Each structure stands twice: as structure tokens, then as C-alpha cells.
Amino acid sequence: MRTLKYTVAASMLAVALPASAQQLSIATGGTGGVYYPIGGGFAEMINNHIEGAQATAEVTGASVENMGLIMRGDADLALALADTVYQAYNGSGDFEGRQIENTRALASVYPNAVQLVTLADSDIQTIADLAGKRVSVGAPGSGTELNARAVLEANGISYDDFSPQRLNFNETADAIRDGDIDAGFWSVGPPTSSILNLAATRDIRLIGLSDEEIANAQEAEAVFAPYELAAGMYDGMDEAVQTIGIPNVLVVNSDMDEELAYQLTQLLFESTDELIAVHPAANDTTIEFTMNSTPVPLHPGAIRYFEEVGADIPDRLRP
């Protein structure tokens, strides 16, 4: 999907910023996921291409925590799952009573895949088999937990049916390897380092979702979409596995300087190859993906860039 041709030539990226915008914090996630390398890669791009700007990727609890950081102004940019962003903007779900109306998007960067992992010799074959097991549902304040809970509850499974453990990606992989838990959820861009490392030391199996289970999840969360994990993605994974995907959104506060938002958006889409070199998930960082997948309005600075390159911006993405 990296084939769009635009008539507007790429302009110079090394542009001085206002002094107030020189130090930028990018809220990411744990070091075992994709947010941290993607955020770190984008921070390096900012440091190399936007004159006077210095950006740093911060380790966080991921999506839910990141939205709070944006709301309070404790982070300038953040990566978060589309369902988390949507709930925060609308004050629904986990954000009921604490709506974050000042949420704006620069782009949708890549899709996450919900990945449920167990050891190959486990008797867990479906999500129904999680009953009575010890299962990591993701770190507290993470989009992984929101996604895991949504998928499970949409299919009649509650936390009362198993022993939920709230572990980050690396902790989940270690606990599966050591036999401390029976299975774990990841909601992350595949392939992810923590599962790759686990598969290199233990034989694993990924648990797929049936068509009915996917349909039930989509009914509960409109941002869910069918997604296929390719065969061979992890060691020992001989067949493709069907699951769901969720876009990851690069969000900012509506108070961000418009010129800064414009330059960040321009940098993301005109130097995407640098981000792909950091992680292959960035192959999905396209203008088409942003227009089709972003669940909240774009920042005016991002809109200015997309208008300049001739993108067809849906009305729902205009504030």
C-alpha cells in the first residue's frame, strides 16, 4: 500500500521550530513491544531532520496511560490503540466520566494484532479453554488488557472464569516460559521481540479465533477487524492464525503548535523508510491507512499536510 503518487513535491524537512517545541516526549510502551522501537525510531528522525528539536521515547504502561499523559501535557506525542483513543475522546468504556476531548491524531501508524500465546504442549486450543487457567491479560493501563477483555467478554468469558495476571510483554513471555502462567495476551504489531525470544527457547502455539468469535468481537468494538498472522512469523508456527487487528494511532494534544504538528506529520510520511528500517510494522504507515483507520479528528497541522499532498480527508477526521 505504499504506492500513492502525489503531485506535490516533498519540501525541506530541516525547519527551525519555536523554542517552546524543542523538547518533545513520546509516550510509547514497554521495551518488549513495538511502541518503544517505533517511538524511539521516530524520536531519532525528529532529532535528525527537524532543526532545533530534540525528542525522547519514554517507556510507559502503553495506551491507557499514554492518553492520560497527553491529557495532562506530560507527553507531547503518544502511541495508543484505536479503541483506547476512541474511548478517551468520547468518554466511553474505561474513560467514562473522564473524557479527553482535546485528543487529536497525526496518523494511524500500523495495526496491532491480538496474539494469544501458550506452550505447544498445552491443552489450550481455543479461548474457551482459558477457563480455570492462569492468563496474562497485559500490563495495567495497557491497550492489550482493553483488547483482551473486549474479545473475551464479547464471547461470554469473564475474568471470573480464569486467574488474570497483569504482566507486561517481557514478563508475560518469561512467565509462560517458566510455567508460572498457562497463556498470555499480546496486542502488538507482529512480529514482536518478546514472542520471538520466547519461541526461540520454548515450543509455542498461537491460539486463533473462529469466524464467530471475531464477529462477536467486532460487534463489541467497531475498530476491530479480521487479521491473519502469517505462517512462519514465529519459530514453530507452521500455519496462519486468524485473529483481530486494531490500528495504532499517533496522538497529540489539540494545543500542540500547528506548525509543529505539520512538520511531524510531514516527517512521518516523507521519511517512512527510516521507520521501516527500525521495525517492519511501519510498512503499514501510509496515508491510505490513516484516512481509513483513524478513529478521532486530525490535528489542524496534520490536515494542512494531507491537504498539500492531495489526500482525500473524510469529514469525520476534521475537528
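The values are calculated or read from the model by the stated rules, or taken from the named source; none is laboratory data. Keep in mind that what you see is a predicted model, and the values were worked out from it rather than measured. Cβ: placed from backbone, ideal geometry, glycine included. Neighbour counts: every protein chain shown. Note: accessible area is taken over every heavy atom of the protein model, side chains too, but ligands, DNA and RNA are not part of it. Shrake-Rupley method; radii C 1.70, N 1.55, O 1.52, S 1.80 Å.
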Of the residues that sit in the stretch 174-183 and are among the small types (Gly, Ala, Ser) and open to solvent by less than 20 Å² (accessible area, probe 1.4 Å), which one is farthest from the chain's Cα centre (by Cα)?
-> Ala175
Flag for Pro140 being closer than 28 Å to Met71 by Cα and of a type outside the set (Lys, Arg) | yes
Which residues, counting only those in the stretch 288-309, are crowded, with 24+ Cβ neighbours inside 10 Å, closer than 21 Å to Gly41 by Cβ and within 18 Å of the chain's Cα centre (by Cα)?
-> Thr290, Thr294
Does at least one position in the stretch 7-25 carry a residue that is under 20 Å from the mean Cα position of the chain (by Cα), within 21 Å of Thr286 (Cα to Cα) and either modelled with pLDDT under 95 or open to solvent by 20 Å² or more (accessible area, probe 1.4 Å) (or both)?
-> no
Residues of the stretch 184-197 satisfying the condition of being assigned to a helix (DSSP H, G or I), polar (S, T, N, Q) and buried (at least 22 other Cβ atoms within 10 Å of the Cβ) | Ser194
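Is it the case that the stretch 198-217 has a residue that's assigned to a loop (DSSP other than H, G, I, E, B) and modelled with pLDDT under 95? First the steps, then the outcome.
Initial filter on the stretch 198-217 (assigned to a loop (DSSP other than H, G, I, E, B)): 202-203, 208-210.
So of that shortlist, the ones also modelled with pLDDT under 95 come out as none.
Checking the stretch 198-217: not a single residue is assigned to a loop (DSSP other than H, G, I, E, B) and modelled with pLDDT under 95.
Working only within the stretch 231-245, note down all residues that are modelled with pLDDT of 90 or more and either open to solvent by 40 Å² or more (accessible area, probe 1.4 Å) or more than 17 Å from Thr126 (Cα to Cα) (or both).
In the first step, residues of the stretch 231-245 are kept if they are modelled with pLDDT of 90 or more; the result is 231-244.
Within the stretch 231-245, Ala231, Gly232, Met233, Tyr234, Asp235, Gly236, Asp238, Glu239, Ala240, Gln242 meet the criteria.
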Subset tally (residues that are open to solvent by 20 Å² or more (accessible area, probe 1.4 Å) and more than 15 Å from the chain's Cα centre (by Cα)) for the stretch 35-56 | 8
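Return a yes/no flag: does the stretch 258-276 have any residue that is aromatic (Phe, Trp, Tyr), crowded, with 16+ Cβ neighbours inside 10 Å and closer than 21 Å to Ala57 by Cα.
Residues of the stretch 258-276 that are aromatic (Phe, Trp, Tyr), as a first pass: 262, 269.
Subsequent filtering for residues that are crowded, with 16+ Cβ neighbours inside 10 Å retains 262, 269.
With closer than 21 Å to Ala57 by Cα added as a condition, the list becomes 262, 269.
The answer is yes, given that some residue of the stretch 258-276 is aromatic (Phe, Trp, Tyr), crowded, with 16+ Cβ neighbours inside 10 Å and closer than 21 Å to Ala57 by Cα.
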Subset of the stretch 162-173 (residues that are surrounded by fewer than 19 Cβ atoms within 10 Å (Cβ to Cβ), under 11 Å from Gly32 (Cβ atoms) and of a type in the set (D, E, K, R)) = none
In the stretch 86-101, which residue that is polar (S, T, N, Q) and not in a loop (DSSP other than H, G, I, E, B) is most open to solvent (accessible area, probe 1.4 Å)?
-> Asn90
Under 6 Å by Cβ, and 6 or more places apart or on different chains, what pairs join a residue from the stretch 223-252 that is closer than 19 Å to Tyr110 by Cα and aromatic (Phe, Trp, Tyr) with one that is open to solvent by less than 40 Å² (accessible area, probe 1.4 Å) and part of a strand (DSSP E or B)?
-> Phe224/Ile244; Tyr227/Ala113; Tyr227/Thr243; Tyr227/Ile244; Tyr227/Gly245
Report whether or not Gly73 is under 24 Å from Pro319 (Cβ atoms) and among the small types (Gly, Ala, Ser).
-> yes
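Report the residue count in the stretch 269-319 for those that are part of a helix (DSSP H, G or I), among the β-branched types (Val, Ile, Thr) and over 14 Å from Leu250 (Cβ atoms).
At the first step, the residues of the stretch 269-319 found to be part of a helix (DSSP H, G or I) are 269-270, 272-278, 280-284, 287-293, 300-308, 315-317.
From the residues that got through so far, the ones that are among the β-branched types (Val, Ile, Thr) too are 272, 276, 278, 287, 290, 303.
Subset that is over 14 Å from Leu250 (Cβ atoms): 276, 278, 303.
Qualifying residue count for the region: 3.
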All positions within the stretch 63-85 that are in a helix (DSSP H, G or I) and either of a type in the set (A, V, I, L, M, F, W, C) or buried (at least 23 other Cβ atoms within 10 Å of the Cβ) (or both) = Ser63, Val64, Asn66, Met67, Leu69, Ile70, Met71, Ala82, Asp83, Thr84, Val85
Within the stretch 102-154, how many residues are open to solvent by less than 10 Å² (accessible area, probe 1.4 Å), hydroxyl-bearing (Ser, Thr, Tyr) and farther than 21 Å from Leu250 by Cα?
-> 2
Looking at the stretch 162-183, which of its residues are closer than 17 Å to Thr31 by Cβ, among the aromatic types (Phe, Trp, Tyr) and not in a helix (DSSP H, G or I)?
-> none
Scan Ile157, Ile124, Ile195 and give me the residue that is more than 19 Å from Glu213 (Cβ to Cβ) and touching a residue at least 12 places away in the same chain (Cβ under 8 Å).
-> Ile195
